[in-house]
Amino acid sequence: MLGPKIGVAVLLTVLQVAYGQKVNSLTACLVDKTLRVDCRFENNTKTPLQYEFSLTREKQRHVLNSTMGVPEHAYRSRVNLTISQNYMALYLKDFSQKDEGVYACDLRASGIPSSFTTKNITVYKDKLQTCGVMSLLVQNTSWLLLLLLSVPLLQATDFECL
């Protein structure tokens, strides 16, 4: 039988993993002819996360980009991935109706198979919105740079600073 200290340590580890990471949102939009799928997540553990982006189309699952499996060869030249703290963006070039389907962002704490979390979004080309310029700036620009860029705009509108 396990000692009380070992039992508590195992329980704390399981709780940390179970409540330590979560996919908060999955959104999709178009940048010119490129699909962008944004996966926002939280990771409160010290364990590195593994990820997988996939597309399910006509009941067949296609791995687009992954650290858990092997991406399909047909998508490798069209897919690009950007990762920053608590955010991943998958870019699929030359998006067409053939690429419509259910996109998934799957996360798992490294070495712990039961720590799986996922979010899905159904994507249709004719229903996608264009990615906004401001959302691109906010996601890819530091707040200081964004503030500096906004000063000339405020001056042009005769906004008076105190």
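The values are calculated or read from the model by the stated rules, or taken from the named source; none is laboratory data. Values in this document were obtained by computation on a predicted structure and should not be read as measured data. The protein model used for the area step is the full one, side chains on, heavy atoms only, and it has no ligands, DNA or RNA in it. Shrake-Rupley method; radii C 1.70, N 1.55, O 1.52, S 1.80 Å.
For the residues VAL79, VAL123, VAL70, a 1.4 Å probe over the protein chains yields an accessible-area ranking, largest first, of VAL70, VAL79, VAL123. The length gained on full extension between SER66 and SER110, counted as 0.36 nm times the residue separation minus their Cα-Cα distance, comes to 14.6 nm. Using only alpha-carbon positions in segment 33-82, the gyration tensor eigenvalues give semi-axes of 22, 13, 11 Å once each is multiplied by 5 and square-rooted (largest first). Across segment 65-121, the relative contact order, built from alpha-carbon pairs under 8 Å that are at least six residues apart, equals 20 percent.
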